[in-house]
Amino acid sequence: MQSIMTMGEILVEIMAERKGQSFRAPGPLAGPYASGAPAIFIDQVARLGHPAAIIGCVGDDDFGWLNIDRLRRDGVDTSAIAVCKGAVTGSAFVTYRDSGERDFIFNITNSASAQLQPEQVNQAVLKDCAHFHVMGSSLFSFRIIDAMKKAIEIVKAQGGTVSFDPNVRKEMLRIPEMREALAYILEFTDIFLPSGHEVTQLARSADEAGAIAEIFARGVREIVVKRGADGCSYFSADERIDLDALPVDVADPTGAGDCFGATFIACRRMGKTALQSLRYANAAGALAVASKGPMEGTSGFAGLDALLAQQPQHLR
Ligand code: ATP
């Protein structure tokens, strides 16, 4: 089976142990955990037994090797991760408010992840890639955007497919070149995976149904909307499916969207129907939020089947 590939930030996450704890004072911390949206995504693909590879950069430091070791252990091909001398692996520090909302301090734009070069992307690196996934969070420099466009063009030219999770910070949408880049990526996208509030971000229409019609008109074939604790929805030209979220105790929401998207894509590539893929993706999102740590909630089919066997899943 040919692989699913992605490209982008690989970092560590360090979490405050207690709700309400701030970083203005010392306190108990958990981590470092392997992290980065594309890294979590690709780890989940590999956990499902699908060939998986990531293009990225880490520093030659413990944080970088922690990630490489973890991804390798879970079956990800890490040969396209460059270990950059003189650059430090990125990090994210997370605190949790009493409400459960998260605040992040990111050190990514000056990290090894920012050293990603368009030269790292070529036909040889992508030769086994049947599907390429783009994370909007990775598009934080124009050099990376160029690398991403190059990857998409190569994969499309060799007959592959593309998925896109916009996951873009709001302030980036105000930059005209960024909006252009996102529109460009959407033109090549086969499967679009926005969160609920992101559906209208790249469309003219202000309502979800109108935005979905517009996105289909641009050539996207499947749209999967992630709705957090409200579940998820699937749209194609002739089908709509809505699923409630599975009831789980939430330990840490980070990574749910990445595990969800990875599972949907891997299941579709393995020949599962849209409904089967959505059920598995919904279960993967639920298992991700039930585990503390961004990549600690990735799961194989055994874990997903066990959760689905316990929980009747409701079609709305
Ligand atoms: P992030 O960018 O933080 O990963 P996201 O917006 O991309 O988040 P979410 O919608 O938060 O993704 O989560 C993805 C999926 O995970 C949801 O569609 C749902 O299937 C599952 N999920 C998320 N939160 C919960 C929850 N509290 N309980 C059960 N399932 C959940």
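Comparison of 9, 13 shows that the only residue that is in a loop (DSSP other than H, G, I, E, B), under 21 Å from residue 84 (Cβ atoms) and under 25 Å from the mean Cα position of the chain (by Cα) is 9.
Residues in region 231-243 that are within 16 Å of the ligand (Cβ to nearest atom) and farther than 14 Å from residue 281 by Cα: 235, 240.
Of 102, 143, all but one fail to be in contact (Cβ under 8 Å) with a residue 12 or more places away in the chain, closer than 25 Å to residue 295 by Cα and basic (Lys, Arg); the exception is 102. In region 279-305, the residue that is nearest to residue 33 (Cα to Cα) out of those that are near the ligand (Cβ under 9 Å from one of its atoms), part of a helix (DSSP H, G or I) and of a type outside the set (Gly, Ala, Ser) is 289. The number of residues in region 223-244 that are part of a loop (DSSP other than H, G, I, E, B) and either in contact (Cβ under 8 Å) with a residue 60 or more places away in the chain or not aliphatic (A, V, I, L, M) (or both) comes to 6.
Among residues that are buried (at least 20 other Cβ atoms within 10 Å of the Cβ) and at pLDDT 95 or above, residue 154 is not included. Tell me whether region 82-94 contains one or more residues that are surrounded by fewer than 21 Cβ atoms within 10 Å (Cβ to Cβ), in contact with a Pro (Cβ under 8 Å, 6 or more places away or on another chain) and either over 26 Å from residue 163 (Cβ atoms) or of a type in the set (Ser, Thr, Tyr) (or both). Yes, that holds for at least one residue. Residues that are free of Cβ contacts under 8 Å to residues at least 12 places away in the same chain and either assigned to a helix (DSSP H, G or I) or closer than 11 Å to residue 12 by Cα (or both) within region 63-99 comprise 65, 69, 72, 73, listed in sequence order. In region 150-170 there is at least one residue that is among the β-branched types (Val, Ile, Thr) and touching a Cys at 6+ places or on another chain (Cβ under 6 Å). Among residues of region 157-187 being among the acidic types (Asp, Glu) and over 18 Å from the mean Cα position of the chain (by Cα), the one that is modelled with the highest pLDDT is 187. For residue 272, the conditions (1) assigned to a helix (DSSP H, G or I); (2) away from the ligand (no atom under 15 Å from the Cβ) are fulfilled apart from (1). For region 245-258, the candidate set comprises residues that are surrounded by fewer than 17 Cβ atoms within 10 Å (Cβ to Cβ) and touching a residue at least 60 places away in the same chain (Cβ under 8 Å); within that set, the residue that is farthest from the chain's Cα centre (by Cα) is 247.
Just so you know, in region 192-217 the residues that are β-branched (Val, Ile, Thr) and away from the ligand (no atom under 14 Å from the Cβ) include one that is farthest from residue 163 (Cα to Cα), and it is 200. Looking at 217, 181, just one residue is touching a Lys or Arg at 6+ places or on another chain (Cβ under 8 Å) and either of a type in the set (Ser, Thr, Tyr) or over 20 Å from residue 42 (Cα atoms) (or both), and that residue is 181.
Screening 224, 220 for residues that are hydrophobic (A, V, I, L, M, F, W, C), within 16 Å of the ligand (Cβ to nearest atom) and either out of contact with any Leu (no Cβ under 6 Å at 6 or more places or on another chain) or modelled with pLDDT of 95 or more (or both) leaves exactly one candidate, 224.
Residues that are over 21 Å from the mean Cα position of the chain (by Cα) and in a helix (DSSP H, G or I) were ranked within region 188-214; the one that is surrounded by the most Cβ atoms within 10 Å (Cβ to Cβ) is 211.
The values are calculated or read from the model by the stated rules, or taken from the named source; none is laboratory data. From a predicted model like this one, the values you see are computed outputs, not experimental measurements. Glycine also receives a Cβ, built like all others from the backbone with ideal geometry; neighbour counts cover every protein chain displayed.
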